[in-house]
Amino acid sequence: MIERRVAGEVPRKHHIQFRGPEGALRHEECLTREGFDGPYSILYHTHRPHAARLVGPTERGRLSRVAAQPEALARRHYKTGEVAAGPSPLDARVPLFFNDDVTLTVLKPSAPDTVYFANGDGDDLFFIFEGGGVLESVVGDVRFDKDDYLFIPKGLLHRIVPDPGVAQHWFGVEMHAGLHVPRQWRNDVGQLKMDAPYCHRDFRGPVFRGPTDVGIREVVARREGRATAYAYAESPFDVVGWDGAVYPWAFSILDFQPRVSSIHLPPTWHGTFATRGALLCSFVPRVVDFHPQAIPCPYPHSSVDCDEILFYCRGNFTSRRGVGPGSISFHPMGVMHGPHPGAYEASVGHRETTELAVMLDTFKPLRPTAEAAALEAAGYHDTFL
C-alpha cells in the first residue's frame, strides 16, 4: 500500500469486458481491504480464479499460538540463533510471541515452497537477517536480500524460493489488522512526504512476468491458525495483467533515513511501519546526539503501556551486554528497563553508533510461547544490577 501500480494487460476501465486474442473473456479478481472501502488490486486471469476443488485440512502452513505457562514479570533474552533449520518458508515458522494484533515468528527455511499460500490471518512482514531469495506471486516476483524487509499482503497467492545453499534466518511479524505507513509520513493525497524517513523509490515492487506454470496445482489458505488445501486443474498463476495498491514489496532497512537531534530522541522517531496496536522501528547506523552535554545512550524508562521486542542484528549495542546477532530482548510493560550498568555514562562523548536492530512496541501484552521459552537465556533480568 505504497502507491498504485499497473503491469501487463488491463482494460481501459475496471468491471467491463476484457477478452483475449481469441475472444475468450478474461476473469477479473478483486483483492480488497476493509471490505470494499480500503486499498485494492484488480487482477485479470485467463481461467476462473475461484475454480478450486476442496482437498481438506492440512498441517502445511498451520500456525499454532499457545502461550507458555505464566511466569514472573521480568526482562527476558531469547537466542533465536538456536532455532533449528526448517523446511520451506511456509512450514519453517516458529511462533515466539503473540497478542490480538500481531504474531512474531522466526524461521530458517532451507527449501522452496512446493505449494502456493494465501495467508488469511494478516499481512506478513519478514526482516531478512540472513539469506535472500525470491517471492513469487500472482502479480510478479520480488527479489529480497539480507537487511531487507519483505512485505506480503494478506490473501495474496504466493510462494517463497530461498536462495539455495545460503543460510537463512528471518524475523517475521504477522500483522492481523494490516501494515500501513505511519500517518505522519504521508501528505493529504497519500504521497510520502519529503521529510519522511524513506521515499517511494526505496520500495521495490513486483516484476510482472505474466502467466507462468511451474507445475504447482495445490493452494493452502490459512485462517485463525487453521490451514486448508485446495487443488486447481490449471496453474493459478495465469494473470495477464493487474493494477492497484495491494502488492508485495521489499525495502532495505539501510534505506531508512534516521533522525538526528542535539539530545536523545524517543523511539517513535525511528517509526518505520505501523499496524493496529503496534509500531515497528528501525535502528540503523547514524550520528548520535550532538549537544555538548548529551547522553547518547537511551535513558531508563517505564513504558507502562507498551511491551517492547528488540531484534538485534549487528553493530555496537551500547546500552546492552550479553546480547548478540539474532538475540531478542523482551521488556514487558510495568517493568522499568534501560541500559546495562556503566553504559549510560560510558556513552558520553560518542559521536556515532553502528547498531542495526528492529524494534516492535505493542500496546497489548505479548504472550511468549513454549517455543520461545526453549530459547531463553536464563538470568537476563538480573544482569542490570
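Remarks
- Estimated inter-spin distance, Glu59 and Asp100, nm [label 7 Å along Cα→Cβ]: 3.3
- Part-to-part distance (alpha-carbon centres) for segment 15-36 and segment 95-118, which is given in Å: 31
- Table column - 3J(HN,Hα) (Hz), segment 34-46, Karplus curve with 6.51, -1.76, 1.60, x for Gly and Pro: 6, x, 10, 9, x, x, 8, 10, 10, 10, 10, 9, 7
- Positive-pole candidate from Pro365, Ala377, Pro21, dipole of the chain, charges at beta carbon: Pro21
- Between Ala74 and Gln191, full extension at 0.36 nm per residue minus the direct alpha carbon distance yields a gain of 37.9 nm.
- Taking only alpha carbon atoms, segment 257-384 gives an Rg to Rh ratio of 0.95, where Rh is the Kirkwood radius.
- In sequence order, calculated HN-Hα J values of segment 75-84 (Karplus, 6.51, -1.76, 1.60; Hz; x Gly/Pro): 6, 9, 9, 10, 9, 6, x, 7, 5, 6
- Label point distance in nm, Arg201-Val134, each placed 7 Å from Cα along Cα→Cβ: 2.7
- Dipole magnitude (debye, nearest 20) for the chain, charges at Cβ of Lys, Arg, Asp, Glu: 320
- Full-stretch length increase - Gln17, Leu254 - with 0.36 nm per residue and alpha-carbon distance subtracted: 80.9 nm
- Extension reserve of the Glu9-Trp269 stretch, reckoned as 0.36 nm per residue once the Cα distance is removed: 89.5 nm
- When the listed pairs Lys13/Lys108; Lys108/Lys193; Lys108/Lys154; Lys79/Lys364; Lys108/Lys364 are checked against a 32 Å cut-off, the alpha-carbon distance exceeds it for Lys13/Lys108; Lys108/Lys193.
- 17 Å cut-off, amide nitrogen to a point 7 angstrom out along Val166 Cα→Cβ, residues in segment 61-86: 86
- Here the Kirkwood formula, the inverse mean of 1/r across different C-alpha pairs, assigns the chain a hydrodynamic radius of 22.1 Å.
- Restricting segment 46-86 to GluC sites (Glu not before Pro) in coil, as DSSP defines it, with at most 16 other Cβ within 10 Å: Glu59, Glu71
- Under a 5 Å amide H cut-off, with hydrogens placed 1.01 Å from N, Lys146 pairs with Gly131 among residues at least 5 apart or on other chains.
- Applying both filters, DSSP loop and at most 13 other Cβ atoms within 10 Å, to the trypsin sites (Lys or Arg not before Pro) of segment 198-279 gives Arg259.
Values quoted throughout were computed directly from the atomic coordinates according to the rules given, and no laboratory measurement underlies them. Just so you know, these numbers come straight off a predicted model, no measurement behind them. A quick note on method: Cβ atoms are made from the backbone with ideal geometry, for glycine too, and the neighbour counts reach across all protein chains shown.
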